[in-house]
Amino acid sequence: MLKKRVAVLVSGGGTNLQALLDAQISGVINSGEIVLVVSDRPDAYALERAETAGVKACLIDKKAVGNQQKFEAQMLEMLAAEEIDLIVLAGFLSILSADFVSRYERRIINIHPALIPAFSGPGFYGLKVHEAALKRGVKISGATVHFVNEIADGGEIIAQQAVNVLPEDNPQTLQQRIMEQAEWQLLPHAVEEVCKAMNTVGVY
Ligand code: GRF
């Protein structure tokens, strides 16, 4: 079977990207191949991680491009040129329009650092998610991988992993534990499952 061609969209440190790159080496990801990393910000350390791993790393600078339409047009052109089968949003902070998402129906997945539907939707990203979880006083949080549709964090859930919230937690310690104990395992396994299913016609 041909490996599915995977693009990872990033905006920041790229620890989830690193987990995917490591999973490709360890063989956890075998049905897909990460062939492209695209950042919407020039200062994303994730781009260095991609270059170090020998993966094509591109920048489409959202601010420099100026508007959503042009930004998405450039992104779509790059994804088509690389014949991408699956798009993975890994710490990617730009909103993608319904038009963009409709072109890759059930072929875009995202990792969200909470147990959707909790602490999800517009405005819930990065540390804000964990600040809200601690403010509500939940004892369990975690991470979710889901398909991306036109509703923020509203697509079908693929996988979830629960993580205990400790009394002494602050947003940073909770974020770190959820990344270590949930995100960095969930996302690679979900990429493998979705790529494998894409090879099985009619599933997913
Ligand atoms: C983190 O908040 C993570 O929980 C979420 O995106 C942010 C940055 O992730 N998925 P990364 O280190 O850039 O992968």
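The values are calculated or read from the model by the stated rules, or taken from the named source; none is laboratory data. All figures in this text were calculated on a predicted structure; none of them were measured in a lab. Methodologically, a virtual Cβ is constructed for each residue, glycine included, from the backbone with ideal geometry; neighbour enumeration extends over all protein chains shown.
What number of residues within region 89-116 are of a type in the set (D, E) and either in a loop (DSSP other than H, G, I, E, B) or crowded, with 23+ Cβ neighbours inside 10 Å (or both)?
Kept after step one, since they are of a type in the set (D, E), are these residues of region 89-116: 99, 105.
Restricting the remaining residues to those that are either in a loop (DSSP other than H, G, I, E, B) or crowded, with 23+ Cβ neighbours inside 10 Å (or both) gives 105.
Residues that pass the stated criteria total 1.
Which residue out of A143, A114, A190, A159 is among the hydrophobic types (A, V, I, L, M, F, W, C) and out of contact with any helix residue (DSSP H, G or I) (no Cβ under 6 Å at 6 or more places or on another chain)?
On the way: A143 fails: out of contact with any helix residue (DSSP H, G or I) (no Cβ under 6 Å at 6 or more places or on another chain); A114 fails: out of contact with any helix residue (DSSP H, G or I) (no Cβ under 6 Å at 6 or more places or on another chain); A159 fails: out of contact with any helix residue (DSSP H, G or I) (no Cβ under 6 Å at 6 or more places or on another chain).
Exactly one of A143, A114, A190, A159 is among the hydrophobic types (A, V, I, L, M, F, W, C) and out of contact with any helix residue (DSSP H, G or I) (no Cβ under 6 Å at 6 or more places or on another chain), namely A190.
Yes or no, residue by residue, for (1) touching a residue at least 60 places away in the same chain (Cβ under 8 Å); (2) buried (at least 21 other Cβ atoms within 10 Å of the Cβ):
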residue	(1), (2)
A73	no, no
I87	yes, yes
A118	no, no
E131	no, no
S141	no, yes
V145	no, yes
If R107 meets every condition in (1) within 16 Å of the ligand (Cβ to nearest atom); (2) touching a Leu at 6+ places or on another chain (Cβ under 6 Å) apart from one, which number is that one? (1)
Restricting to region 132-156, what's the tally of residues that are over 22 Å from V10 (Cβ atoms) and either part of a strand (DSSP E or B) or aromatic (F, W, Y) (or both)? 2
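Given the criteria under 30 Å from K70 (Cα atoms), more than 15 Å from the ligand (Cβ to nearest atom), modelled with pLDDT of 95 or more and in a helix (DSSP H, G or I), does V129 qualify?
Working: under 30 Å from K70 (Cα atoms): yes; more than 15 Å from the ligand (Cβ to nearest atom): no; modelled with pLDDT of 95 or more: yes; in a helix (DSSP H, G or I): yes.
Judged against the criteria, V129 is not a match.
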Is at least one residue of region 19-29 surrounded by fewer than 22 Cβ atoms within 10 Å (Cβ to Cβ), touching an Asp or Glu at 6+ places or on another chain (Cβ under 9 Å) and not in a helix (DSSP H, G or I)? yes
